[in-house]
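Take a look at the structure set out below.
The values are calculated or read from the model by the stated rules, or taken from the named source; none is laboratory data. Since this is a predicted model, take the numbers as computed values, not measurements. Note that each Cβ is placed from the backbone with ideal geometry, even for glycine, and that neighbours are counted across all protein chains shown. Surface areas here come from the heavy atoms of the whole protein model, side chains and all, with no ligands, DNA or RNA. Shrake-Rupley method; radii C 1.70, N 1.55, O 1.52, S 1.80 Å.
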Amino acid sequence: QLQLVESGGGLVQPGGSLRLSCAASRFTLDLYAIGWFRQAPGKEREGVSCISSSGGTTTYADSVKGRFTISRDNAKNTVYLQMNRLKPEDTAVYYCAARIGFPSLCRPTQYGYWGQGTQVTVSS
């Protein structure tokens, strides 16, 4: 089965930057759409950004547009989320997830394969 592992989380100050990575094993990601999702304490999991299997189509939540960038390197079997100008409200556990095809909406219920998550904390 497809396995995903997130890395790159940590503690950063407001205005700082962080790059998250999502690495796949057992199967290559070239046929999978990938989404980044996050969940803060007491809140539902929400979509942050999604990318098509080829990387030709990307979507972003309004709250992160202009600050976050999703990209993928299928040769390395890895998807990235570059996060700039971070805010305290970005604090959450960040997950990557995969599915065959590319759904019309970047929502958690559209994705079936999930990583374990990585903590991102933005605080002064």
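Listed values, structure above:
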read-out	value
Some residue of the stretch 103-114 being more than 13 Å from SER49 (Cα to Cα), surrounded by 13 or more Cβ atoms within 10 Å (Cβ to Cβ) and aromatic (Phe, Trp, Tyr)	yes
So ILE51, is it of a type in the set (A, V, I, L, M), out of contact with any helix residue (DSSP H, G or I) (no Cβ under 6 Å at 6 or more places or on another chain), open to solvent by less than 50 Å² (accessible area, probe 1.4 Å) and farther than 22 Å from SER123 by Cα	yes
Residue in the stretch 97-116 that is touching a helix residue (DSSP H, G or I) at 6+ places or on another chain (Cβ under 8 Å), outside any strand (DSSP E or B), of a type in the set (Lys, Arg) and farther than 16 Å from SER7 by Cα present	no
Unmet requirement for ILE34, which otherwise passes all of (1) at pLDDT 95 or above; (2) farther than 18 Å from VAL122 by Cα; (3) surrounded by fewer than 19 Cβ atoms within 10 Å (Cβ to Cβ)	(3)
Matching residues in the stretch 1-19 - criterion: being out of contact with any Cys (no Cβ under 8 Å at 6 or more places or on another chain), open to solvent by less than 40 Å² (accessible area, probe 1.4 Å) and either part of a loop (DSSP other than H, G, I, E, B) or farther than 16 Å from LYS87 by Cβ (or both)	LEU2, GLY8, GLY9, GLY16
Single residue of the stretch 61-81 satisfying the filter (more than 20 Å from SER123 (Cβ to Cβ), assigned to a strand (DSSP E or B) and in contact (Cβ under 8 Å) with a residue 40 or more places away in the chain) that is least open to solvent (accessible area, probe 1.4 Å)	VAL79
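Residue by residue, here is whether (1) under 15 Å from the mean Cα position of the chain (by Cα); (2) not small (Gly, Ala, Ser) holds:
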residue	(1), (2)
GLY10	yes, no
LEU18	yes, yes
CYS22	yes, yes
TRP36	yes, yes
VAL48	yes, yes
GLY56	no, no
LYS65	yes, yes
PHE68	yes, yes
